[in-house]
Amino acid sequence: MNWNALAQFIHILAVVLWIGGIVFMDGFLAPALRRAMAQAELRARLLYVLFRNFFAAIWGAGAALVVTGYGMVWLRGGFGALSPAQWVMVILGSAMVVLALYIFFVPFLRMRAAVLRADWGAACTQAAQIRLLSTVNIVLAVPTILSGVWAIFGPLA
């Protein structure tokens, strides 16, 4: 079996699930809910359940990204064997994972606490913080994915 090809497939699939999920949630669903649901309680409750379910699914994708990403580094001979494009992908991808962990452990858990105490304003504030930080991850995803394409296919020129 070609372990590198399998790792690449799993890695790309996990990226599609994670980044595609963020784009959908933050770019389409959350703004639509804000327009459609004026009542903060209903919006906060629904967003909390959506974020909770999204994070539950993304833990697996994030673990797959870390394992396959660093596994491919190992398969290629370690960090000393990486091209500049691969280094960019590793550094930015690692930063994205750290940011995702921060999003979960800080604003999401604050949102959970606000929902449990029925503080809908605070829950909506934390939902907005999650969206803002997730947008940073989407922005970071562009050069990360571009560096991955560059690493596989060469410069886009």
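Just to be sure, is Ala30 within 21 Å of Thr135 (Cβ to Cβ) and surrounded by 13 or more Cβ atoms within 10 Å (Cβ to Cβ)?
Values: within 21 Å of Thr135 (Cβ to Cβ): yes; surrounded by 13 or more Cβ atoms within 10 Å (Cβ to Cβ): yes.
Spelling it out, Ala30 is indeed within 21 Å of Thr135 (Cβ to Cβ) and surrounded by 13 or more Cβ atoms within 10 Å (Cβ to Cβ).
Output the residues belonging to segment 121-145 that are closer than 16 Å to Gly27 by Cα and surrounded by fewer than 17 Cβ atoms within 10 Å (Cβ to Cβ). Ala128, Gln129, Leu132, Thr135, Val136, Ile138, Val139, Leu140, Val142, listed by residue number.
What are the residues in segment 96-115 that are over 16 Å from Trp18 (Cα atoms), free of Cβ contacts under 8 Å to residues at least 60 places away in the same chain, crowded, with 18+ Cβ neighbours inside 10 Å and among the hydrophobic types (A, V, I, L, M, F, W, C), if any? The one that is over 16 Å from Trp18 (Cα atoms), free of Cβ contacts under 8 Å to residues at least 60 places away in the same chain, crowded, with 18+ Cβ neighbours inside 10 Å and among the hydrophobic types (A, V, I, L, M, F, W, C): Phe108. Out of Ala118, Ala85, one residue alone is out of contact with any strand residue (DSSP E or B) (no Cβ under 7 Å at 6 or more places or on another chain), touching a residue at least 40 places away in the same chain (Cβ under 8 Å) and either surrounded by 19 or more Cβ atoms within 10 Å (Cβ to Cβ) or within 20 Å of Ala14 (Cβ to Cβ) (or both). It is Ala85. With the structure loaded, tell me whether Leu46 is within 20 Å of Gly21 (Cβ to Cβ) and touching a Pro at 6+ places or on another chain (Cβ under 8 Å) or whether it fails that test. No. On the stretch given as segment 37-58, residues that are surrounded by fewer than 16 Cβ atoms within 10 Å (Cβ to Cβ) and farther than 22 Å from Asp119 by Cβ total 2.
Of all residues in segment 52-64, none that is farther than 21 Å from Ala127 by Cα and of a type in the set (Val, Ile, Thr) has its Cβ atom under 7 Å from the Cβ atom of a residue that is surrounded by fewer than 19 Cβ atoms within 10 Å (Cβ to Cβ) and at pLDDT below 95, 6 or more apart or on another chain.
The values are calculated or read from the model by the stated rules, or taken from the named source; none is laboratory data. None of these values were measured; they are calculated from a predicted model. Here Cβ is always computed from backbone atoms with ideal geometry, including for glycine, and neighbour counts include all displayed protein chains.
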